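Read the structure below first, then the notes.
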Amino acid sequence: MASPRSKHVPKLSALATLLFLVGSAVGGEIKWDSERLKKMASAGTKVETLKMPRRCDRRVGAHDKVVFHYNRMMVTGEKIDSSRDRGEPMSFVVGWGKASKEWEDAVNNMCIGEVRQVEMPGEDGMSTILVVDLIDIQAPPPTPNVFKLIDKNDDKQLTKKEITAYLTGRMGLEKAEETDFIKKVFKEEDKDNNGVITMEEFSGPKQPHTEL
Ligand SMILES: [Ca+2]
Ligand SMILES: [Ca+2]
């Protein structure tokens, strides 16, 4: 597993990356390394159902925790990796920005017991094939109040200084990279461009107990 100090910032929105770090900090269960996320984030996804269960009482929706096994292979059939080989299913919470859009697309509206084949074009033009087998849909863990974690002085606004303080020691970036990253967060989140991110502007989790 890549540590949160990995030098590679995934190609997700800056906020999603922040959430990814929080996930790591609070024991999130995402086990993909950031290299892999980076690869997937730029790809388009083709999804096809291989097997439907006889009954489907519930389908995957936003804020569901999906638990699944997968096999990943080259289009030639050569195996790359498999959660079954590791003996441990994967999981993530849909819509929390911890998995890339392609993974979210792959499990969207899926039934327990359904098996899907997902084609993810790679950056080098070499597609990889995922076979995803959904084994459970669970309630998500309580949402960490990311906004509150960053807003140290509790004035309901995030400054560059607060975000810098929050990131220090988490990302393992060089100073210049960190500055770039913070610029990106402000570009995406500071909608009125006044130099602070208010609670209304912040698009991530901001309540201590989000109603789900
Ligand atoms: Ca503040
Ligand atoms: Ca603002």
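One table, with the values for the structure above:
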{"item": "Flag for PHE186 being assigned to a loop (DSSP other than H, G, I, E, B), closer than 16 Å to ALA14 by Cβ, at pLDDT 85 or above and within 16 Å of ligand 1 (Cβ to nearest atom)", "result": "no"}
{"item": "Cross-chain or 6+ apart pairs with Cβ under 9 Å, region 62-91 first and under 22 Å from ASN108 (Cβ atoms), then of a type in the set (S, T, N, Q) and exposed (fewer than 12 other Cβ atoms within 10 Å of the Cβ)", "result": "ASP64/GLN138; LYS65/GLN138; VAL66/GLN138; VAL67/GLN138; SER91/GLN138"}
{"item": "Counted residues, region 194-207 - those being loosely packed, with under 13 Cβ neighbours inside 10 Å and within 16 Å of ligand 1 (Cβ to nearest atom)", "result": "3"}
{"item": "Answer from LYS191, LYS175, LYS161, LYS183 - the residue that is free of Cβ contacts under 8 Å to residues at least 12 places away in the same chain, touching an Asp or Glu at 6+ places or on another chain (Cβ under 7 Å) and loosely packed, with under 15 Cβ neighbours inside 10 Å", "result": "LYS191"}
{"item": "Among residues of region 116-131, those that are assigned to a strand (DSSP E or B), among the hydrophobic types (A, V, I, L, M, F, W, C) and surrounded by fewer than 20 Cβ atoms within 10 Å (Cβ to Cβ), counted", "result": "2"}
{"item": "Criterion violated by GLY87 - all others in (1) at positive phi; (2) crowded, with 16+ Cβ neighbours inside 10 Å satisfied", "result": "(2)"}
{"item": "Qualifying residues in region 129-174 (those that are of a type in the set (D, E, K, R) and away from ligand 1 (no atom under 11 Å from the Cβ)) - the one nearest to MET73 (Cα to Cα)", "result": "ASP133"}
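The values are calculated or read from the model by the stated rules, or taken from the named source; none is laboratory data. Nothing here was measured: the structure is a model prediction, and the numbers come from that model. Using ideal geometry, Cβ is built from the backbone for each residue, glycine included, and neighbour counts are taken over all protein chains shown.
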